[in-house]
Structure formats: structure tokens, C-alpha cells
Amino acid sequence: MFQFAYIYMGQYQRQLIAFIFFAAAIMILTSSIKESYKKAFFIIFIIATVFSHYTSSYVFFAIVALPSFIIWASKRLKGIKFPWKYTGTFSSKNLAIFFFVFMFLWYAQLTGPTFRDTSHVIIETFKSMANFFSLELRNYSEQGVLGIGLAHFPNFLSTFVHDTVFLIIGIGVLALFSRQDYQRRYRVNDEYIASTLIILAMLASFVILPYVSTAYGGTRLFSQLLVILAPCFIIGVKFITDHAKKLIKFNQKKMMKIIILTLLILGFLCTNYLQYEIFGIPYSYAYDNTGERRYETFIYDSEVTGAAWLNYHGNKNSTIHTDRVGDHRILLGFNKEPKMDHYFFNNTSPFTKGDYIYLTHLNINEGLIFKDT
């Protein structure tokens, strides 16, 4: 559901690199090193995140810029008093301004396509508000969070586990927001609490607003935000067991370990779709040795080695003939895209003397050919 499947992480290399820099930046903010070093490292990680992945940078910017604004605005609400203090240790106005200027220069002025993609998503989101309740404008994962489209027990198990995790995280955020004893116990400042509220609002927008989840999957967003939300999960479990202990006597530390480990193990199994395999439901091609998706996705080293040989020793002017799945293997072995023909096995394209025929592992060992249509 709202989390990366571990076995598919390899297809998001740029975003995973951005996650590392984002996590390092948060770690620096919460460390006890000298303030000047902290700001220097933080700026370096901001720049590295912007270079790595644009959507991850937008999320990072929201977490840096909005907490101070929320604290400022909440102090000016009439009739409601929030005893919040702005320390500047988790977010900074100057850093937020620097972050925005650098993103604008890099994405809007130097690399235009990413900025245009972002503008397109914003425009389409506003357009889709006319069909606010349309399920077609929401991703299946986000529908599953609400229990929509559950067809069998593995679906229900995945929804139950993930919704339980979300609920516990929400309880942890509310505990930090409303209980000063929890704030003192876990030594969190008001900017961190404000950032968790912003994160909950961002996650809620993926379920509430149309089109947003189809443009950018909530799985990637939640994986990034877990860097900040993970402590709230532990705090939520602590809050629940604190109140449950008043009704039933039990070993609190042992119970916390059982709850946390059970949810983590079940969550890991669900995000790898193992529950479908256990119940005999074909769902993920990672567990199925046959099937077109499996054949397309899993690539053998020998296939890349053969393509690399053509890259270094083949005639650059010759065409490489292959089937529909062969081109993916060829690109992995070449420095730049060569002349390729996907229609060779359709018997619709000419073969010139000196051209190459590239056969994949499936062509040779399984006798399978995937014709392009």
C-alpha cells in the first residue's frame, strides 16, 4: 500500500539517493554538533537533494519552510492559544529562502522540464476538482487505504496493517502535540511537532484531493516522510500502552516490543506481496517464474554482457535486430542508444548484411519471442 515494495526499490535510484541526503539533513539537524557546521552540512544536503530528485526536494522544502509559518500563524489566532516556541533548530527562515531560490534557479531556469511537470500537476489538480468524488482520479493504493476495492483476505490484511500503522503514527503526533510530558520525555521542539502536522496534511491530501495520487504515488512520499514520522510510531505505541496499562496489568516494555515487531514483520510481508503468494493468489511477478511481466523485468547478466560486447566491438552503423524485450537489455550495455529494430521477428523489417541479431536468455533457453505490435 503506502510504502515501497522492497524488491522493487531498484527502479527509483535517483529518488533513493535523494532520500539518503534528506535523511542525512534531518540527522544533522537533530545532532549536537557546532551550529556553524550544522548549517554548512544542511546546505550541502539541500543542494544534493535538489540535484538528485525534484519531487523529493519539494517535499523537503515544505518541511523546512512551513513549520516556522505555522508557529507564527498559530500565535495570532484569536481565542486559541498555542504555547509554541520558535527555536530555529529544526527550520529557519533564511534556510527556507535559500532553499526556494536555489530550487527556482535550478528547476525553473536551468532545467525546464521538471518545473513544467510540476506546473502541469498543479493545473490538472485544480481542473479535477470538478470531479472531486471520482475514484478514477485516485490511485488504487490510496483507494485501498480507505478499504475500497478489497477483493480477498490478502487485500484486507494489507489494508489493516498499513491503516494500523497510520493510526499509531497519528496517535503519536497528537500525543506530542497535546502532552508536554511527552515533549519533555522525547526532547522534541515545537518545529518538529509542526513538521509532523504538515506531513499528516500532505499524506491526507493524497487521499482527499483528486489526481494528486495518480501523478505522484503516495508510496514514494510516505517512504520519504518516514524519516520524520518513524519516532511518532514508537511514541504512539508508548501512548497506547500507557493508557492500556491503567486497565490491564502487563509488562509494558515487552508488550511494546511485541506490537512493534508484529507490525513491522507484517508490514514487510505485505509490502513484498508475500501474503498473496501464501494464499495462492498470483499477484507479483517476483514470485512467478513465468509470465510476460516476469520475462520483461528480470534481466540476466549474460544479456547485458552481450550488449556490452556489441557496444565496444560492434559496428556502430549496423542495426541490432531483437524482439520487444531485448531493447531493454541492449540499452543497459551501451553508452548511448544504438540503432535498434524491435520488429525483426514480425518479419516486417529488412535485414542488411552486417547487421546483428540480438537474442535474449528467453529466446535461446525458453524458445520464447515477444513480438512488437
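A short reminder: the numbers here are calculations on the coordinates, not readings from a lab. Bear in mind that the values here come from a model prediction, so they are computed numbers and not experimental data. No Cβ is skipped: glycine too gets one built from the backbone with ideal geometry, and neighbour counts run over all protein chains shown.
For this structure, a couple of remarks:
- Ellipsoid fit via the Cα gyration tensor, the stretch 292-366: semi-axes of 19, 16, 10 Å, each the root of five times an eigenvalue, largest first.
- Taking other C-beta atoms within 10 Å as the exposure proxy, 209, 203 rank 209, 203 from fewest upward.
- Residue 328 sits among other residues whose Cβ lies under 11 Å from its own Cβ, and their net charge, with Lys and Arg +1 and Asp and Glu -1, is -2.
- Ordering 332, 247 from the fewest to the most neighbouring beta carbons within 10 Å gives 247, 332.
- A simple charge model with +1 on the Cβ of Lys and Arg, -1 on the Cβ of Asp and Glu and nothing else charged puts the dipole of the stretch 241-328 at about 1040 debye relative to its Cα centre.
- Farthest positive-ward along the stretch 292-366 dipole, Cα basis, beta-carbon charges - from 300, 358, 319: 319
- Local net charge near residue 294, Cβ-Cβ under 13 Å (Lys/Arg +1, Asp/Glu -1): -3
- Of the cross-linked pairs 75/245; 39/75; 316/371; 38/75; 75/254; 39/253, those separated by over 31 Å at the C-alpha level are 75/245; 75/254; 39/253.
- Selected from 222, 262, 207, residue furthest toward positive end of dipole (the stretch 193-287; charges at beta carbon): 262
- Sorted ascending by nearby beta carbons within 10 Å, beginning with the fewest, 337, 277 become 337, 277.
- Calculated on alpha-carbon atoms, Rg and Dmax of the stretch 199-353 in Å: 25.2, 84
- Using a cutoff of 8 angstrom between alpha carbon atoms and counting only pairs six or more residues apart, the relative contact order for the stretch 292-366 works out to 35 percent.
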